[in-house]
Amino acid sequence: MIPRCTWCRTTLGTLILYAVEAGASACGWGYHACPGCLAAERLVPFAHHPAMARGPRMRYPDVVPAALLRRLALLGDDPRLTPVVRRLLAADARLRDRRTPPPDRHAAGALLRSALLDLRTLARGGLTTAEGAP
């Protein structure tokens, strides 16, 4: 079966896996998106999902600007982004949890801002296509 973008239905170019659904009797199936739809829908590539939440569709938090999402979508599921994206998602979840005490909320906010800065750095050129080449 040829993968296709869930939204625009294209089969051309790079398609990025963003969610997996387990099958009842087989290995299941994956959902893919082209970079444009990945950014427009704010989808987190499957490779960057937290280890305990791998499978369903996940979206980047609203604090991630659209311009940054477009740059991240071009990088796709590059493994060097995984720890930063996971840190961002964990900090956002901690901030949204109403049971989080104020001092921990403050720390989670600082972690979120730090992860955003790291993502911007990586998206601006902190990642290279080949070792040592921009």
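The values are calculated or read from the model by the stated rules, or taken from the named source; none is laboratory data. Computed from a predicted model, the values in this text were never measured in an experiment. Every residue, glycine as well, gets a Cβ built from its backbone with ideal geometry; the counts of neighbours run over all protein chains shown. Heads up: the accessible areas ignore ligands, DNA and RNA and are worked out on the full protein's heavy atoms, side chains in. Shrake-Rupley method; radii C 1.70, N 1.55, O 1.52, S 1.80 Å.
Structure notes:
- Built amide H within the under 5 Å cut-off of Thr10, gap 5+: Cys5
- In this structure, the amide hydrogen of Leu43, modeled 1.01 Å from its nitrogen in the peptide plane, lies closer than 5 angstrom to those of Tyr60, counting only residues at least 5 positions away or on a different chain.
- Peptides 72-81, 57-66 ordered by average Cβ neighbours within 10 Å, highest first: 72-81, 57-66
- Note, ³J(HN,Hα) from phi for region 73-88, Karplus 6.51, -1.76, 1.60, rounded to Hz, x at Gly and Pro: 4, 5, 7, x, 9, 3, x, 6, 7, 3, x, 6, 5, 5, 5, 4
- Near-label residues of region 42-78 by backbone N, under 18 Å of a point 7 Å along Cα→Cβ of Thr100: 50-53, 59-65
- Across every direction, the projection of the convex hull enclosing the Cα atoms of region 29-89 has a mean area of 4.0 nm².
- Highest mean packing first, where packing is the average number of other Cβ atoms within 10 Å per residue, the peptides 97-104, 115-122 line up as 115-122, 97-104.
- Residue-wise HN-Hα coupling along region 40-53, computed from phi with Karplus coefficients 6.51, -1.76, 1.60 (Hz; x: Gly, Pro): 4, 8, 6, 7, 8, x, 4, 4, 9, 4, x, 4, 8, 10
- A 1.4 Å probe run over the chain, with the rest of the protein chains in place, finds 61 Å² accessible per residue.
- Option label - semi-axes √(5λ) of the Cα gyration tensor in Å computed here, alternatives (i) 34, 18, 9; (ii) 26, 20, 13; (iii) 20, 17, 16: (ii)
- Among 36-45, 10-19, the order from most to least packed when residues are scored by Cβ within 10 Å on average: 36-45, 10-19
- The portion of the accessible surface of the chain made up by carbon and sulfur, rounded to a whole percent, is 59 (1.4 Å probe; DNA, RNA and ligands excluded).
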